[in-house]
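Undergrad: The structure is given below, and queries will be raised subsequently.
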Amino acid sequence: MIDSRTLLMVLDSIFLLSMTAWLGAILFFSFGIAPIIFKVLDASQAARFVRAIFPRYYAWGATSAILALASFTSGVLVRPEYRGTWALVQIVLILSGVLINFYCGNVLTPQINAARDAGPEQSNRFDQLHLRSVWLNGLMLLVGVVLLGAHAFRPDPRGPGVSEPTPTERARRSVERWQERSERWDREQIVPNPSPEQTNDP
């Protein structure tokens, strides 16, 4: 049987690994790959490379954010003292990261590709969409830093937390509930019926 503190440790590990994968991808792409793409590759090769990597990049971010959301929410449920407004804010921030990744991967990236394919007449639209992509990636990076900071300064857990009964305890409670219902049903059935003389009394 895993106690709540051990379970919280497992969930925290999943959360930190997920956030590291998410933020690591943003940092590596933004500061490691993006600055050298158009320096090393010609324009056509760079465009093909970006079109191939962006869907995978945002899918990676969305998957990591979903794992972070699931592990963080489960940790809040395991330790009641972590519940509250600030926990809800963090859940909303992680969820926003999931939605931004879905939007960028499924809506914004195809729009950027279409604007690039349209040629010079769509150059302004391409610049606007590209700038939006940069801002959204910066926003996700900021959200990730805030979440990691909040996790680093989170107070130590207090109290026993939510405990899960063992199979034996669960079976014993089921038997007790069944006995209580059976006894209550028996008491209701033993109510004496009125005699005919009592029924005919004025």
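The values are calculated or read from the model by the stated rules, or taken from the named source; none is laboratory data. Just so you know, these numbers come straight off a predicted model, no measurement behind them. Reconstructed Cβ throughout: ideal geometry from the backbone, glycine too, with neighbour counts over all protein chains shown.
Undergrad: Which numbered condition in (1) exposed (fewer than 15 other Cβ atoms within 10 Å of the Cβ); (2) free of Cβ contacts under 8 Å to residues at least 24 places away in the same chain is the only one that Leu139 fails?
TA: Looking at each condition in turn, Leu139 falls short on (2).
Undergrad: In the set Pro160, Pro165, which member is over 30 Å from Val98 (Cα atoms), under 25 Å from the mean Cα position of the chain (by Cα), at pLDDT below 70 and surrounded by 10 or more Cβ atoms within 10 Å (Cβ to Cβ)?
TA: Step by step, each of Pro160, Pro165 is checked, and only Pro160 is over 30 Å from Val98 (Cα atoms), under 25 Å from the mean Cα position of the chain (by Cα), at pLDDT below 70 and surrounded by 10 or more Cβ atoms within 10 Å (Cβ to Cβ).
Undergrad: Next question. Which one is nearest to Arg48 (Cα to Cα), of the residues in the range 58-114 that are free of Cβ contacts under 8 Å to residues at least 60 places away in the same chain and of a type in the set (Phe, Trp, Tyr)?
TA: Only one residue tops the list, namely Tyr58.
Undergrad: Sticking with this structure for a sec: Name the pairs: first residue in the range 16-42 and within 13 Å of Ile53 (Cβ to Cβ), second residue of a type in the set (D, E, K, R), Cβ to Cβ under 9 Å, at least 6 apart or on different chains?
TA: Listed pairs, sorted by first residue: Leu41/Arg48.
Undergrad: Now for a different question. When only residues in the range 92-129 that are β-branched (Val, Ile, Thr) and surrounded by 15 or more Cβ atoms within 10 Å (Cβ to Cβ) count, which is nearest to Pro157 (Cα to Cα)? Explain how you work it out, then say what you get.
TA: Step one: of the range 92-129, the residues β-branched (Val, Ile, Thr) are 92, 94, 98, 100, 107, 109, 112.
Checking which are surrounded by 15 or more Cβ atoms within 10 Å (Cβ to Cβ) leaves us with 94, 98, 100, 109, 112.
Details: Ile94: 22, Val98: 27, Ile100: 31, Thr109: 42, Ile112: 46 Å.
Filtering the range 92-129 for residues that are β-branched (Val, Ile, Thr) and surrounded by 15 or more Cβ atoms within 10 Å (Cβ to Cβ), the one nearest to Pro157 (Cα to Cα) comes out as Ile94.
Undergrad: So, Asp186, is that one loosely packed, with under 12 Cβ neighbours inside 10 Å, at pLDDT below 90 and in the same structural domain as Asp12 (by TED's automatic domain parsing) or not? Don't jump to the end; show me each part of the working.
TA: Working: loosely packed, with under 12 Cβ neighbours inside 10 Å: yes; at pLDDT below 90: yes; in the same structural domain as Asp12 (by TED's automatic domain parsing): no.
No, not satisfied.
Undergrad: Within the range 18-51, can you find the residues that are exposed (fewer than 14 other Cβ atoms within 10 Å of the Cβ) and among the hydroxyl-bearing types (Ser, Thr, Tyr)?
TA: Ser44
Undergrad: Let me ask another. Between Phe54, Phe15, which is surrounded by 14 or more Cβ atoms within 10 Å (Cβ to Cβ) and farther than 17 Å from His151 by Cα?
TA: On the way: Phe15 fails: farther than 17 Å from His151 by Cα.
Checking each option against the conditions leaves just Phe54.
Undergrad: Out of Val89, Val10, which single residue is out of contact with any helix residue (DSSP H, G or I) (no Cβ under 6 Å at 6 or more places or on another chain), assigned to a helix (DSSP H, G or I), of a type in the set (A, V, I, L, M, F, W, C) and surrounded by 14 or more Cβ atoms within 10 Å (Cβ to Cβ)?
TA: Only one candidate passes the filter, namely Val10.
Undergrad: Looking at the structure I just gave you, is Ser96 among the hydroxyl-bearing types (Ser, Thr, Tyr), closer than 21 Å to Leu27 by Cβ and in contact with a Leu (Cβ under 9 Å, 6 or more places away or on another chain)?
TA: It is true that Ser96 is among the hydroxyl-bearing types (Ser, Thr, Tyr), closer than 21 Å to Leu27 by Cβ and in contact with a Leu (Cβ under 9 Å, 6 or more places away or on another chain).
Undergrad: Out of everything in the range 119-154 that is modelled with pLDDT of 85 or more and part of a loop (DSSP other than H, G, I, E, B), what residue ends up being farthest from Ser71 (Cα to Cα)?
TA: Phe153
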